[in-house]
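The values are calculated or read from the model by the stated rules, or taken from the named source; none is laboratory data. Here the structure is a predicted model, which means the values were calculated and not measured. We place every Cβ from the backbone using ideal geometry, glycine too, and count neighbours over all the protein chains shown. Heads up: the accessible areas ignore ligands, DNA and RNA and are worked out on the full protein's heavy atoms, side chains in. Shrake-Rupley method; radii C 1.70, N 1.55, O 1.52, S 1.80 Å.
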Amino acid sequence: MKAVLITYNQSITEEVQLILDKLAIRGYSKWTGITGRGTSQGEQHDGTHTWPELNNAHITIVNDEKVSLILERLKDLNEEVEEQGLRAFVWNIEEMI
């Protein structure tokens, strides 16, 4: 099992959710209104007057074989909307209840 954490500009929430839905990934947790800035070229997303945008995040736990599909679809989306900002991170899940 793997955990996939997806962070992205809130403006592409529907597109991220659609990817999970099309891959039949039912279980996830979502955080909204997250602040932050990308590591290389990202602008601040702080929800302030100066930096008004915000980020959201999804985390889902999936079987190993789904990871490459998720990352491939997210990479395609990121290439379409590169200025918005999207990142995905994968961790091994040792145990869960």
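Quick one: go through the range 1-37 and flag any residue whose amide nitrogen is under 16 Å from the point 7 Å out along the Cα-to-Cβ line of residue 71. Residues 1-7 fall inside that zone.
Would you compute, from DSSP H runs of 4+ residues alone, the mean residue ellipticity of the chain at 222 nm, taking -39500 (n - 2.57) per run and dividing by the full residue count, rounded to the nearest 500? Spell out each step's value before the answer.
Values: 2 runs with 27 residues, N = 97.
Taking each H run of at least 4 residues, the total per residue is -9000 deg cm²/dmol.
Taking a sphere under 13 Å around the Cβ of residue 91 and counting the other residues whose Cβ falls inside, with K and R at +1 and D and E at -1, yields a net charge of -2.
Other residues within the sphere of radius under 9 Å centred on the Cβ of residue 23, judged by their own Cβ, net out at +2 (K and R +1, D and E -1).
Under the classification rounded if a/c is under 1.5, otherwise prolate if a/b is larger than b/c and oblate if not, where does the chain fall, given a ≥ b ≥ c as square roots of the Cα gyration tensor eigenvalues? Because a/c hits 1.5 or more and a/b exceeds b/c, the chain counts as prolate. Only protein atoms count toward the accessible area here, which uses a 1.4 Å probe; on the range 1-61, the carbon and sulfur part of that area reaches 49 percent. With both labels modelled 7 Å from their Cα along Cα-to-Cβ, the residue 5 to residue 34 distance reads 0.7 nm.
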